[in-house]
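These notes are about the structure you will find just below.
The values are calculated or read from the model by the stated rules, or taken from the named source; none is laboratory data. Remember, predicted model here, so these are calculated numbers, not experimental data. Cβ placement follows ideal geometry from the backbone for every residue including glycine, while neighbour counts extend to all protein chains displayed. Heavy atoms of the whole protein, side chains included, go into the accessibility calculation; ligands, DNA and RNA do not. Shrake-Rupley method; radii C 1.70, N 1.55, O 1.52, S 1.80 Å.
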Amino acid sequence: MAYSFVAAYQSPAPVFNPMPFVVTSTDNTQPNFKYVCDVYVSGVTGYTRLLLNSDPTTGAAAFLVNQILRSRVTSDFDVTTTTVTNPFKQCSNGHVIYELKFGQQYGASGSIVTYPNILVTGTLYGFNGSLDSQDWLNYIGSTYNILLSTRKFFQKDKSFTKFPIRITDQAWLYYFCDTTNKDALLKIVTYDGLSATPLQTITLTNQYTNKSTYKLFQRASVGPVDLNLVDATLIVTGTQPFITSSVAYYTINLTNNIGTQSSEMMTYYIDKTCTNSEEFPVYFKNNYGGFDTYSFYKKSKRIAEISRKTYQKNVGSLIGSKWNYLTTDAGEVTMDTQISDKYLLNSDWITDNTAKWLKQLYTSPEVYLYDPMLAIYVRVNVKASAYESKKIDNEKMFNLTIELEASQQSYRQQQ
């Protein structure tokens, strides 16, 4: 018997894309033959067994295990605090750890024997990603394992390398790293925009770099508001405040414990445009399962959409031999009032790349808005059924208008 993998598998891999594990066995001509795949998920007792017939042409079988793994991931967006003094945080929810054990079964009817655990993958990782078809076709799991300067974050549109950010924004970079000390430091270099000479170089220590102890999926807080509040005990080099009015842009990357770059470099440009309107930072789950930030700070509206149900009530009552009623008696009575709060927001002028990136906002299943008047995060849904990625060669200047609806409705009293 020879049992082997036909196709290589990816780890870490996005669980909302197909994750086929293709196996083949020379025993596939045996009577009542089936391939066996036992899916073991970390933290879950037991396993899920999948059975497949062999393909009549190739004799192989392709197991799509992502259908099982999807229910095991949620997301890692912390709305319990508005400031973060530790730039690093472990991500507990947006990934799944699993192992696959392949085998086979065959035999005469009534005496079928199962032969499990012939081929074992070892520990694999999936994350809460859902890549566009082109990104998925070109996806290489090892590219997202922090180790070298070419390794990537689970963040942003990969063709978009210069990101706009407001001085009051929070932002994060999500990543995977399975090698101790490869994400030991977060390096930030600030620039004034007039020259290539840095204003200062900042390095912050990661307390969760021992991969035998801590989770391999983490995020780093990289927004101006978070960086300026980092606990002093975590600062290796640099003087607070890090992001001042003199900073035009800053770069960020991870390094190992001796300062060698171990991730791609991200660049954030401070958007200093003045506004007379409220600023609404919007945080949305991107295609890679991390959360991106974009602030709308032009003309905005709050709209309360009201839905009422009523019934007609007989007015008045019999008093003695006379029917009496008052002008204040209710005739048409409101028995149910539902209120949907909506936000109509406008961006500043944006570029082609920004428009392309923000498609992920319009299609995101999980969006939060920070309401500056209420000083709270609000879970919202995007109210749009189409999105146009506008381009400057079609329109000289363009902005983005978006309608967001609070996901929780409010209700008024019944009469």
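At q = 0.11, 0.15 Å⁻¹ the log10 of I(q)/I(0) for segment 283-393 amounts to -0.56, -0.79, computed by Debye summation with a single uniform scatterer per C-alpha, solvent ignored. Centre-to-centre separation between the Cα atoms of segment 354-381 and those of segment 305-319: 39 Å. For segment 1-50, the solvent-accessible area of protein heavy atoms averages 48 Å² per residue (probe radius 1.4 Å; ligands and nucleic acids excluded). Return the whole-Å distance between the Cα centroid of segment 20-96 and the Cα centroid of segment 213-235. A separation of 31 Å, based on Cα centres.
Cross-link pairs exceeding 29 Å in C-alpha to C-alpha distance, out of K187/K285; K187/K342; K298/K356; K272/K359; K101/K215, comprise K187/K342.
The percentage of C-alpha pairs in the chain whose separation is greater than 43 Å is 30%.
With protein chains left intact and a 1.4 Å probe, residues in segment 263-331 average 61 Å² of accessible area per residue.
Computed about its Cα centre, the charge dipole of the chain is approximately 320 debye, with only Lys, Arg, Asp and Glu carrying charge at their Cβ.
With all protein chains kept in place, the per residue accessible area of segment 120-245 amounts to 42 square angstrom at a probe of 1.4 angstrom. Taking a Cβ cut-off of under 9 Å around A61, the surrounding Lys, Arg, Asp and Glu residues balance to a net charge of 0, with basic ones at +1 and acidic ones at -1.
Taking each DSSP H run with n ≥ 4 as -39500 (n - 2.57) and averaging over every residue of the chain yields -1000 deg cm²/dmol at 222 nm.
Net charge within 12 Å of V333 by Cβ-Cβ distance, Lys/Arg positive one each and Asp/Glu negative one each, not counting V333 itself? Every neighbour counted, the sum reads 0.
Pairwise Cα separations in segment 322-373 fall into 5 Å bins from 0 onward with the following percentages, short to long: 4, 9, 13, 16, 11, 7, 5, 7, 6, 7, 5, 5, 3, 2, 1, 0.
The translational diffusion coefficient of segment 201-308, from Stokes-Einstein at 10 °C and 1.306 mPa s with a Kirkwood hydrodynamic radius over alpha carbon pairs, comes to 93 µm²/s.
Restricting the trypsin sites (Lys or Arg not before Pro) of segment 265-301 to loop positions (DSSP other than H, G, I, E, B) with no more than 16 neighbouring Cβ atoms within 10 Å leaves K272, K299. Rolling a 1.4 angstrom probe over the chain with all protein chains present gives an accessible area of which 50% lies on carbon and sulfur atoms.
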